[in-house]
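What follows is a short report on a single structure.
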Amino acid sequence: MPGNKYDIFCSIDMDKLLNTKKYFFIALIALIAFSAGCSSRDLPQDDVARNAPPKIAAPVKEAGKPAGEDDFMPANQAEDNTPWQIREDLLVQVSAKVLDEKQLNDACFLIKSLNDKNSKIRADAAWGLGKIKEKKAVESIIAALEDEDAEVRNMAAWALGRMPDKRSVMPLIARLKDENSEVRLRAVEALHYIRDPRAVLPIIEMLRDKSPDVRRWTACALGVMNDSRAVGPMTATLEDEDWYVRRMSADALGNINDPAVVPALIKHLQDNHLMVRMWSAWALGAINDYRAINPLIKALNDEDYSVRREAVEALGNIGSPAAVPALISALGKEHERVRVEAARSLAWIRDKRAVEPLLSALKDKSSRVRNEAAIALGKFDDPAAEKALVEYSKVQNSKVEKPDEPDLAKNGSAIESLKTALKNENPYIRRKAVEELGGLKDSRTVDLLVKALGDRHTRDEAELVVEDLGGAAVPALIEALKNDDYGVRQRAARALGDIRDKRAVEPLITAAGKDFEGPVRFWSVRALGLIGDRRSVGTLVLALKNDWGPHVRREAARSLGLIGDKQAVEPLMEALQNDKEAHVRREAARALGFIGDKRAVPALIEALNYREPRARREAVKALGRLNDKRAVEPLKKLLNDENQEVLIIVVFESLKIITGRDFAPEK
């Protein structure tokens, strides 16, 4: 017999009820009633841990105070997803609790208040100085790192992260040994902003911190700092007992982009937590190593579609023809979102075998899959594809699709009930409410769903549902690009890229060029590439040249290749020759091959001598696409290349394309 309220409640098949339209609202009311009467003491410990926010300070946000002021700028951004893309789960919302708005903007008053007898005022003063980024206060805030009150030290470390200054480095390193885990976490966060090499080894030591929250942030920070000394210790953390530490470690290793970690990431495609499997797939795609192809193909059988989707995208990033049969299979019989990604990956690989399956996908029951297939076919120089696209365009222009009219009266009542459910303390109820809002397919739900992007427990479901609303969601998503919470901005940018609506181009250009947070810039840059509007070329070129985040620069190169504008040729050649990150040079080479301008041939021939085999590989493939006789002799010299990936592509692809001869050795 169940012993407590939780056991009694769980004896009911609530999932079945919630997924049955007839009983949804009955079940929802029951959940709300249960939630109101059940404390965390009634829950099993693993449920408490799963549903609880991170064990770090989360003071209540006051009206008018911005959320997400403590977000940090990653290289994967964070996350990435975009993917360093989800690590906003670790955010700590900070806000003042004592001082008013006028006081919080008075730098002189705040500096004096750092010595106030009231510790709450001292903490608010540190927070306020960080908010207004008052550089004159750096020395005073450094002194506050020694405050007897942990919250003051916490806010002081946070403030120093908001105004990076080399003077803060050693005092912050000292706080890595603070007795309070929140202070240690803030010190890691601040040091990663400053990006001083002196901090790398002390931060690596924090991977062994007893607090999982500190270990999570440490993994994020090391991924951003992109230092090869972290590779070994970070690989070890893939075995951490905390699944989120493992997930963040996979994300960070993808950012660092060292091929040495490929075997460990392949192993974690079998991890018992789907988020670790998903981010391991993402990281393997980012590293772009041929050893990952077969394991990623096997991952297409994963029980969770989000892992399969990430594996499909990773195979597209690697770009090997060996993945084409598996991607064609995914295009024909998979979950809608996996089919969409399969069409994109086939467009990226551009293997002729994909043309017929993509033509068939023009008849897919999903309009999103049909549109992605049409976009993919546009990348092929194929008469059948061109003819089919002309016919497809005629049909689309003549078709006046009248969407199913929602039952406004019935939906209105449901929306109000679900709006209440979105405020419930139980995250399970909030997630189910988001799913049900999506099922209504009513444009009046957009604002509620966009708001749900800011809830760490509902953001994944909300993003998927918002994407399904398509054009109806675009105005709200554009507005969300201005949200104080960078996690909302990041997901809005990602959704706008998937929707591909040209109304989003100008707002995304602004976000890509001006947003403080790397993840937002990354997903905005990616979205601009997917939308493919030439107005974005100038902003993408600036991101390629100037963005401090290597993953933003890499995505800018990729997006320029997708758009195919010849204005990008010289900036891409410069990136190929001068960017310090191999994965940026690699994407620049690939983009030059897609654009197809023969001005790039000398730079690509020069890249055949690069030490990094993945950059050589993409240069070889690009020269094959450009089909220029000047490349024949330089390519022949690579017939003895020590790297098998380079050799296979030279032998079976590029030389054969240019010369018409088969250079494969006789068996």
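The values are calculated or read from the model by the stated rules, or taken from the named source; none is laboratory data. The structure presented is a predicted model; accordingly, all values stated were derived computationally and were not measured. Ideal geometry is used to build each Cβ from the backbone, glycine not excepted, and the neighbour counts take in all protein chains shown. Side chains are part of the model used for accessible areas, which takes the heavy atoms of the whole protein and leaves out ligands, DNA and RNA. Shrake-Rupley method; radii C 1.70, N 1.55, O 1.52, S 1.80 Å.
Dividing the convex hull volume of the alpha-carbon atoms in segment 123-217 by its residue count gives 78 Å³ per residue.
The alpha-carbon of Lys136 sits under 15 angstrom from the alpha-carbons of these aspartates and glutamates, leaving out residues fewer than 8 places away in its chain: Asp106, Asp165. Cross-link partners of Lys102 among aspartates and glutamates, defined as those whose alpha carbon lies under 14 angstrom from its own and excluding same-chain residues fewer than eight positions apart: Asp124. A cut-off of 5 Å between modelled amide H atoms, ignoring neighbours fewer than 5 places along the same chain, links Ser211 with no other residue.
Each peptide in 626-634, 350-358, 445-453 gets a packing score, the mean of other Cβ atoms within 10 Å over its residues, and the list from highest to lowest is 445-453, 350-358, 626-634. For segment 546-667, rounded, prolate or oblate, judged on the Cα gyration tensor with a ≥ b ≥ c (square roots of eigenvalues), a/c < 1.5 rounded, else prolate if a/b > b/c? The shape class here is prolate. Legend: Rg and Dmax of segment 496-593, from Cα coordinates, 11.9, 35 Å.
If the chain linking Lys135 and Arg534 were pulled fully straight, counting 0.36 nm for each residue of separation and taking away their Cα-Cα distance, it would gain 139.7 nm.
Share of carbon and sulfur in the accessible area of segment 559-605 stands at 44%, probe radius 1.4 Å.
Under the simplified labelling scheme, the Glu386-Lys482 pair shows an inter-label distance of 4.5 nm, with each label point 7 Å from Cα along Cα→Cβ.
Dipole of segment 228-363 computed with +1 at Lys/Arg Cβ and -1 at Asp/Glu Cβ about the Cα centre; of His273, Ala260, Ile297, farthest Cα towards the positive end is Ile297.
Efficiency by 1/(1 + (r/R0)^6): what FRET value for Lys210 and Gln103, r their Cβ-Cβ distance, R0 = 41 Å, to the nearest 0.05? Show your work: numbers first, answer last.
On the way: r = 37 Å, r/R0 = 0.91.
Calculated value: 0.65.
The Arg630 and Gln567 beta-carbon pair, evaluated with R₀ = 22 Å, returns a calculated FRET efficiency of approximately 0.40.
What separates the Cα centres of segment 434-481 and segment 235-311 is a distance of 28 Å.
Could you work out the relative contact order of segment 313-371? I mean the mean sequence separation of Cα pairs under 8 Å and 6+ apart, divided by the number of residues, in percent. Spell out each step's value before the answer.
Numbers: 60 pairs, mean separation 21.1, N = 59.
Normalised by residue count, the contact order of segment 313-371 is 36 percent.
Would you kindly state how much longer the chain becomes between Arg503 and Lys267 on full extension, computed as 0.36 nm times their sequence separation minus their alpha carbon distance, in nm to one decimal?
Details: separation 236, 0.36 × 236 = 84.96 nm, distance 4.24 nm.
Extra length from Arg503 to Lys267 when fully extended: 80.7 nm.
Extension gain, Leu201 to Glu239: 0.36 nm times the residue separation minus the Cα-Cα distance gives 11.7 nm. Cross-linked pairs Lys423/Lys451; Lys133/Lys514; Lys502/Lys545; Lys365/Lys441; Lys387/Lys566: Cα-Cα separations exceed 21 Å for Lys502/Lys545; Lys387/Lys566.
Starting from the Cα coordinates of segment 402-532, work out the convex hull volume and express it per residue in Å³.
On the way: hull volume 12.1 nm³, N = 131.
Here the figure is 92 Å³ per residue.
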